[in-house]
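Colleague: Below: one structure in structure tokens.
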Amino acid sequence: MLAKLKPLDAEAEAQIEAAALDERYGHLAPQDLIALSAGRFRPGEIAAVSSFGADSAVLLHMIARIDPALPVLFLDTGKHFGETLDYRDALAADLGLRNLRIVHPRAEALAERDPDGTLHQHDTDACCDIRKVEPMARAVEPYAAWFTGRKRFQAASRNGLSAFEAVGSRIRINPLARWETADLAAYMREHALRENPLVAYGYLSIGCFPCTEPVKPGEDARSGRWAGQAKTECGIHLSGLESSLTASSL
Ligand code: SF4
């Protein structure tokens, strides 16, 4: 007698789908990969996440050319540089992005766990949890898939980054995964894209101001993030997001 097959759960299905998409389309040029993905998911099912950081303009320019109404999610942690907030608005206007969505940490979480705004000084993981991971999970929860601007070269922790990844039951798409610094610079020049003004001061990866420093010559682009700590990622791209997406609070 044949054993009864157990139906795949949504997470297993997403893993299979991401692996199949990556094998079939992972080699495509970023623009083709974005166009294909935007066509594969229905409007309202797919978004983009952007930090409006050092080279965010590249992905956003490609998206704007394909679908300027695609939702672009920006996480306002309350700790961004003023330059980044101004840059966000100027770049969105340059590119004609029509669906910028700004996500904030929950006021109750800030009041309870970071009432004076100094949590980052003694517990960066807890601070990232309430200011980044939970809000990002809340922001992407309505979507089946979303784009990010992550690249392999940015840090050792991103060496094996693929174009399509499963995050729980959802798909995360990294069209620029294989691009190098020179590709990004050439694209910025070719399209005369506005640059985050902090880049001129040596900030090659830009996050919250208390946890971001300029990068020293010869160091990787993300070495200025949580400099001097073992921490290299805030959690929104790691399992913390996946856990938050399945938390009952969502
Ligand atoms: S990067 Fe720093 S300030 Fe921003 S949420 Fe994380 S710990 Fe807090």
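The values are calculated or read from the model by the stated rules, or taken from the named source; none is laboratory data. Keep in mind that this is a model prediction, so the values were computed, not measured. Here the Cβ positions follow ideal geometry from the backbone for every residue, glycine too, while neighbour counts run over all protein chains shown. In case anyone asks, the SASA skips ligands and DNA or RNA and just uses the protein heavy atoms, side chains included. Shrake-Rupley method; radii C 1.70, N 1.55, O 1.52, S 1.80 Å.
Colleague: Only one of Glu233, Glu213 is farther than 18 Å from Ala156 by Cα and at pLDDT below 85. Can you tell me which?
Modeller: Glu213
Colleague: Oh, and also: State all residues of region 39-87 that are on the phi > 0 side of the Ramachandran plot and surrounded by 15 or more Cβ atoms within 10 Å (Cβ to Cβ); if no residue qualifies, say none.
Modeller: Phe52
Colleague: Also, quick follow-up: Which residues, taken from region 97-129, are within 19 Å of Leu73 (Cβ to Cβ) and either under 20 Å from the mean Cα position of the chain (by Cα) or aromatic (Phe, Trp, Tyr) (or both)?
Modeller: Leu97, Arg98, Asn99, Leu100, Arg101, Ile102, Val103, His104, Pro105, Arg106, Cys128, Asp129 - these are the residues of region 97-129 that are within 19 Å of Leu73 (Cβ to Cβ) and either under 20 Å from the mean Cα position of the chain (by Cα) or aromatic (Phe, Trp, Tyr) (or both).
Colleague: Quick one: Arg170 ticks every box in (1) open to solvent by less than 30 Å² (accessible area, probe 1.4 Å); (2) within 25 Å of Ala137 (Cβ to Cβ) except a single one, so which number is it?
Modeller: (1)
Colleague: Hey, Gly149 hits all of (1) open to solvent by 20 Å² or more (accessible area, probe 1.4 Å); (2) within 15 Å of the ligand (Cβ to nearest atom) but one; which does it fall short on?
Modeller: (2)
Colleague: Applying the selection to region 88-131, what residues are of a type in the set (Gly, Ala, Ser) and either open to solvent by less than 60 Å² (accessible area, probe 1.4 Å) or within 11 Å of the ligand (Cβ to nearest atom) (or both)?
Modeller: Listed by number, the residues that qualify are Ala90, Ala92, Gly96, Ala109, Gly117, Ala126.
Colleague: Next question. Is there a residue being among the charged types (D, E, K, R), in contact with a strand residue (DSSP E or B) (Cβ under 7 Å, 6 or more places away or on another chain) and away from the ligand (no atom under 15 Å from the Cβ) anywhere in region 192-212?
Modeller: For region 192-212, residues among the charged types (D, E, K, R), in contact with a strand residue (DSSP E or B) (Cβ under 7 Å, 6 or more places away or on another chain) and away from the ligand (no atom under 15 Å from the Cβ): absent.
Colleague: In addition: Give the number of residues within region 64-87 that are within 16 Å of the ligand (Cβ to nearest atom) and hydroxyl-bearing (Ser, Thr, Tyr).
Modeller: 2
Colleague: Among the residues in region 177-192, are any buried (at least 21 other Cβ atoms within 10 Å of the Cβ) and under 30 Å from Leu119 (Cβ atoms)?
Modeller: Checked region 177-192: no residue is buried (at least 21 other Cβ atoms within 10 Å of the Cβ) and under 30 Å from Leu119 (Cβ atoms).
Colleague: Now for a separate question. Please state which of the following conditions Asp22 fails to meet, knowing it meets all the rest: (1) at pLDDT 95 or above; (2) under 30 Å from Gly202 (Cβ atoms); (3) open to solvent by less than 70 Å² (accessible area, probe 1.4 Å).
Modeller: Failing condition for Asp22: (2).
Colleague: Suppose we filter Gly53, Gly82, Gly78 for residues that are within 29 Å of Pro197 (Cα to Cα) and more than 19 Å from the chain's Cα centre (by Cα); which single one remains?
Modeller: Residue meeting the stated conditions: Gly82.
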